[in-house]
Each structure stands twice: as C-alpha cells, then as structure tokens.
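What follows is calculated from the coordinates using simple rules that are stated; it is not laboratory data. Since the model is a prediction, treat every value here as computed from it, not as a measurement. Ideal geometry is used to build each Cβ from the backbone, glycine not excepted, and the neighbour counts take in all protein chains shown.
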Amino acid sequence: MKEIFTGFLFLMLCGISSVQGQESTGTVRGFVYDKSSGEPILFTNVFLKGTTYGASTDVNGFFSISRIPAGTYTLISTYLGYDTASVQVTVKPGGIVNQKLFINKSSIQLRAIEVSAEKQEQLTAVKVSVETVTAKQITQIVSVGGDADIAQYLQVLPGVVFTGDQGGQLYIRGGSPVQNKVMLDGMIIYNPFHSIGLFSVFETDIIKNADVYTGGYNANHGGRISAVMDVTTRDGNQKRLTGKIGASPFMSRVVLEGPLSRPKNPDKLAPTFVIAGKSSYLNRTSPVLYSYADSNGLPFSFNDIYAKTTFKAKNGSKLSLFGFNFNDRVNFRQIADIGWNSLGLGANFVLIPEGSTSLISGTMAYSDYQANQTEADGAPRQSGITGFNGNINITQFLGGDEVVYGVDVVGFGTNFRFTNPSGLILSQDANTTELAAYVKYKYLTEKLVLEPGFRIHAYSSLGEVSLEPRLGAKYNLTKQLRLKFAGGLYSQNLISAQSDRDIVNLFYGFLSGPDNLPRTFDGQDVTSKLQKARHAIAGVEFDLGRHLEFNVETYIKDFNQLTNINRDKIYEDILEFSDKPDFLKKDYIIERGQAYGFDFRLKYDRKRFYFWATYSWTYVDRFDGIRTYNPSFDRRHNINLVSTYTFGKDLNWELSGRWNFGSGFPFTQTQGFHPNINVDNGINTDFLSQNGGLGIVYADFNQGRLPTYHRLDVSLRHTWAISDRSELDFNFSISNMYNRENIFYFDRVRFSRVNQLPILPSLGVTLSF
C-alpha cells in the first residue's frame, strides 16, 4: 500500500509540472471579482465572444478555458445583476493567458442575459443528490428568531430530516449524523448544530457557498457512508471596512470584514480579514419574554467566534488562515445537563502554477471536540475527539473535460465513556490515522456527462484498505429534460454510541471503529471491521418553463455492514463468561440495513415570488442478528412548503412562510418498572433490607411511533436604507404559529415530557454598514 500512495504522489507531481500537450492551442484562465468588494463571483459565465469556448467560475471565482485555437478573442463575463465585462485577449500556441475580470453591480435587469451559469451547469454537470446553497438563498426562507441560518435552510431540502427545534440532529436519507461528513473551509466539524436546532455554528453572512451531497458523491469525498456537507466562507471585503450588528430575543451577533492594508494600485488584491461572533442568551430572556414556554425559561445558551485572514498573489493564488471556537450548554432541570465545546485552527490555499493548466488547492487543520451529558439516573456520558485533517487536490482542465485527483489524510484520537441500558460502563481511548487517494474524470459531450471516479482509503488502526469505485452520469434528452444517475461504494471508521432506548436522542458519542467485534454475523464470518455502504441514485430533471423546475430522485443506500453499541450486553467480555454468546458480552455488534425512498422537489423563482415544495418518502431498517427494527430517525413522510414574496415601492418588504409536516419517529415504549436488586453476593444477598434501584421493563424494540410533527413559521422583513452604504433591517417572525405541541424529549424515570418550542414571536434588528 505504501508503494501505491508513493506512485500516486509521483503522478500528481507529473501532472502539476505538465504543460499544454496541444502546441497549436492555448489556455485563458483567471478570476472574476466584484469590483465594489473584491470578492470572487461564483458560478458566472465566462466565454469567448463568437465561439463555443467558455466555462463557469468555481467557488473561488476561478475559470479556465483550454484548448483554444491561437488567435485574438474578446473575453466576456456575464452574471445576472451585474454589468457585462469584456477584455481582448491574444492566445498563442502552447501559451497561457492569465486574466482577471472585475464586474460592477447593475441597476438595470436585462431579460436578454437571464441565462445564468446555474442553467448552463444543469447541462454540463452531473449534479445528482447535491444542493448548492448560498447566503442569498438562506435569507430567502423564513428567518426564525430574527436571524437566517443554514440550519433552517437544510430542513427544507429533500431527503433531510431534523429531530426538531431542540437537539438539532441532521439525518440524511437514512444516515445518522455520525455518517455525515461536515467541513468548514476544509476542516472536519464534528457537531455543526447548536442545542436549539434553529441555529448552526456557521454565520450566514460569511458563507460563500455550501454543497450538500445527500448521497452518491464522487471519489473526492470519503470517510463517511451517507452524506457530505462542504461549507466555504468568504475571504472578506478588499475595498473597505464593512460589517453587521444584529440583536434579537434569541441572540446577538456581529460581523466585521475588510482589508488589512490599502494597496496603491486599485486593481491589486489586498490582504483581508473576516471576524464573526454570535452569542445566545435565550436562557436569560425567555423567563421574561417566553415564560409560558417554561416557568424556568428555555435552557439554551451558546457562543461562537470565527476569524479568517486571506493573502492573495497577483495571479490570484491565495493563502487563508482561520480559527474558531463554538460551545453549547443545555440544562433541563432534573432531566438532563448537556454541554459541548469545539475549537479548531487551520489553513487552506489555492495555487495557480505558472506554465501549467492545473489548479491546486489544499487544507491542513486541527480540531478538538468535547461533549458531556448527565441525566436523572446519574449515568454519565462523555465523548471527545481530537485530531487533524489535510488534503491536496489538483484539477486539470482538458477543454470541456476535467480530471481531479488528490490525497486526504485524517488522524484523530477518541475518548469515550457510556453507560448502557444494562448499567454496564463502556469506555474507549483510541488513536487512528486514515490515508486516501482519489481520482475522477469528467467527460463531456453535447448530450452526455460522464464522471467515473475511484478512491483508495486506508485505515491504519484496523489494518484495512477499502477500494471504492464511484460513477456519476447525466444524459440531456433535451435542454429541458435530463436523466441522471450516481452510485458507488463507501466506507468509514468513526462510529457513534447513543442510547437507542431514549425516545429522543440528545447525545452523540464518537468512537474509533473497534477491533473486538463478534467473529460471526448472521451465520457468516466477519471479515472486515469497517462500516460500509453502497449507493444507487437515479433521477429526472425537468424545466417546466423559464422559472419552474421539477426534480425527482429515487435512491437506495445499502448499509451492508454497520457497527453499533450493544444494547443487549449483560456480561463482561472476560474468560469467566467465555461460554456466553457474543451478543450478550461484546461491547459492539454488527448490523446491516437499508434506506430507500424517493424525493420530489418543485421550485418556482421569478421576480418577486419564490416557492419551494418538497415531499420525501423514506424507509429505513436495521438487522442486528436478533431483530429487524426501524431506527429512531426513520420518518416515513416529510413535507416542506416554503414561499417568499417581495413587495413595496422599493421592494424593501418581504413576507415568508414555511410549513413542515413529518410522520412520527419510532421509539421503544415503557412496559413497566421493577426494583433493580444488586445480586453480586449471590445467595448471600440480603433481599429484604436492600433498597433496589429502579429497573425498566421495555416493550418490543422501537415498535411504537411518536405523534406526527408539524409546524408553521412566518416572518416579515423590512429594510430601511440609511445611506448608500448602510441600512437597517427589521425582521418580525413567529415560530410555531398555531402552537403545535410537538414532543422533544421524554425521561422514562421521572415520566416527564418536554415539548418542542411553543409559539415564539421575535423581532430582530440588524444594522449593515
């Protein structure tokens, strides 16, 4: 395996140093920037006038048009809402032209240029089970609590299930949270949501782009078996100091950004900074404003801070340094006390090599996450994960085709302590390293987009290597009707340990994949210690008009091997109990399962009116060798209706609404209670004088269903322009408008129910300058 990775690195270096193979052609590449802020313009069209040569900018604003016949051309950039920019370029045989384009925002909207890069990408990219989210899209939906947040946006995506307002766990097409890989500027984030599920750790105003892959992702992503969310932040305003200050009953926040210095040349790229912070004080405001929700107040508080600085070279290459600290505290009096803290430091870069048609990017980051929970039974749950991750990614542009290849490395240590339903303590302290190499190729014709990929992922602690072929494809029947497919093999080492007996889960522990698994499962020898899955997704995209889109996808995720904490363990795994079966003494068990279903999405977006409707039907099951059951996140039906209307003379009023319906989650019902007598002394135990603990008699596992969940949220926003560069934004919102009582948590011992949030009106005010 060492020789394989060494050979792969050699091929990477050869690719970086290679120059154009077609001596009669050349390349035009560069960046497109917003002239007023210096921020890159994402996903805009760049083309050579009078030809079929063109490209779209990526998340860095970078474009590359290769294999262009020698000659003089007019390079044009068009983007809806901006003036068209053009410049003359001369392409020489074997030459590379580096060109930056700066475009101005336009006050005139022209119907002639309403062909966006997004429409073009629908024809030239596979785009199966992936949603690209921008800050503008996030602010289009209801801003509950007065603040728009990606956590609220994710809840309306097809195939995505949240546990509700409180707890904020994300389940994607049958995968649990630990099976979803979340990255911030290339750094792995282990818990991206706050205890109140309306908010994430990501500040909306600094989000540049977020790609959410709900399945079938290609070889450049790995280490998880369900989904990927990749969030990138903006570099900051290069022209002047700008910012936002906001406050609501839920929290306050501040964002500052600007240049670290002012270059004499106005077209030169200045080093920039971004600082964002927010703090929730709902635990202090709720006893006054929302005392009807809970006489003791709503027990949520969190604090976030994120900082980033970016240095850019003349040709657009850049280096960014960033760091963050996120923390949460939830105290359900006499029920549960939960807290977690996350911090990290990292760097990422984009490199444009001279004399090569490649784009090189990479990340190196360190993070630490610690979580604790104590419940009424006094049983502690503690989990920590500390580690690093890094990658180098190379993209080579071959006309309309692309080849992407690179390496990933991940190292982490886990410490974990958990008490299972039988009262036995499970613990683990482990370290592991993962190394992966990948390649994918994009082949483009007029009708067909083909994207095969392959990933080699090595897990050092388990001594295993996973070979993972991937494939994505799209066939354009017409410009309005497109068929698509994606699939592949996936693996991961990291596992979660939760109490499956909890009606609603609040705590997720992280463990390195154990090596002391049962030797057999369902009559077959266990030959691997990894968790594995196979994805297959097929879909249809149909444009019903210029402004109406319809998308349907059907999928299956076959989790052919999973690792779970052993809920049936009653014996220690020691020599004394060597005659007992594995499922009664092993800390962990093998499972398998499936998740399958289909998603519908209808989107209408025209001028003042935006409408989004999704319906998801999902079935999820697990087999643990004894029983087949539906896990606690199996939601059969999920509906989201979202609408936004902009009005007023200056279009400075916005009315938004969102209604969500979800069928009930499975749970294990309580059948009864009994005294839990300690019989460690055998026949010498004094049964008459001993005060036993409270034991629980459970019904059949996860055979019950919680009540259905539904909620209506509305918001009204008004923007008041103070000057050319500053404005005041008022946002009045009502969460759970008709005051539906949705269950959140139930403590079996105290027979105490906590509901999701009741009706909560809120007024948020934000000053932008």
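How would you order 735-744, 356-365 from highest to lowest mean count of nearby Cβ atoms within 10 Å?
Those peptides, ordered most packed to least, come out 356-365, 735-744.
For the pair LYS479 and ARG753, how long in nm is the line joining their label points, each one 7 Å along Cα→Cβ?
My value for the distance between the label points is 5.6 nm.
Using the per-residue mean of other Cβ atoms lying within 10 Å as a proxy for protection, in what order, highest first, do the peptides 602-615, 457-470 fall?
Answer by packing, highest mean first, reads 457-470, 602-615.
Could you give the DSSP H helices of the chain that reach 18 angstrom or more along their long axis (alpha carbon positions) and whose average Kyte-Doolittle hydropathy is no lower than 1.0? Working shown, then result.
On the way: long enough: 2-17 (23 Å, 1.47).
Helices meeting the criterion: 2-17.
Express in whole angstrom the spacing between the alpha-carbon centres of the stretch 697-719 and the stretch 743-767.
11 Å
Mean projection of the alpha-carbon convex hull of the stretch 183-341 over all orientations, in nm²?
So the mean shadow area of the Cα hull is 12.0 nm².
Listed here are the pairs LYS136/LYS244; LYS136/LYS649; LYS308/LYS649; LYS35/LYS127; which of them are more than 27 Å apart at the Cα?
LYS308/LYS649; LYS35/LYS127
Sticking with the crude label model, points 7 Å out along Cα→Cβ, report the distance from ASN104 to PHE611 in nm, one decimal please.
3.8 nm
Test of understanding: what is the full-extension gain from SER261 to TYR645, defined as 0.36 nm times their sequence separation minus their Cα-Cα distance?
134.2 nm
Find which of VAL714, GLY664, GLY406 sits farthest along the positive direction of the dipole of the chain, computed with +1 on the beta-carbon of Lys and Arg, -1 on that of Asp and Glu, about the Cα centre.
Projecting each Cα onto the dipole axis, the largest value belongs to VAL714.
Relative to the Cα centre, what is the charge dipole magnitude of the chain, using +1 at the beta carbon of each Lys and Arg, -1 at the beta carbon of each Asp and Glu, and rounding to the nearest 20 debye?
2360 debye
When only C-alpha pairs under 8 Å and at least 6 residues apart count, what is the relative contact order of the chain, in percent?
Across the chain, relative contact order equals 10 percent.
For the stretch 623-662, take every pair of Cα atoms, bin their distances at 10 Å starting from 0, and report each bin as a whole percent.
21, 25, 20, 16, 10, 7, 2
Compute from the Cα atoms of the stretch 514-600 the Rg and the Dmax, the latter being the longest Cα-Cα distance, and quote both in angstrom.
When restricted to Cα atoms, the stretch 514-600 yields Rg and Dmax of 20.6, 72 Å.
Given a Förster distance of 30 Å, report the FRET efficiency between ILE574 and ILE696 from their Cβ-Cβ distance, rounded to the nearest 0.05.
Numbers: r = 26 Å, r/R0 = 0.87.
Computed FRET efficiency for ILE574 and ILE696 comes out at 0.70.
Using a Förster radius of 22 Å, what is the FRET efficiency between TYR604 and LEU728 based on their Cβ-Cβ separation? Nearest 0.05, please.
Details: r = 30 Å, r/R0 = 1.37.
The pair TYR604/LEU728 has a calculated efficiency of 0.15.
Want the number for THR433 to ASN739: 0.36 nm per residue separation, take away the alpha-carbon distance, what's left?
105.3 nm
What's the extension gain from SER86 to ARG284 if we count 0.36 nm per residue and subtract their Cα-Cα distance?
65.8 nm
With the crude spin-label approximation of a point 7 Å out along Cα→Cβ, what separation in nm comes out for VAL409 versus LYS136?
In this crude spin-label approximation the distance works out to 4.0 nm.
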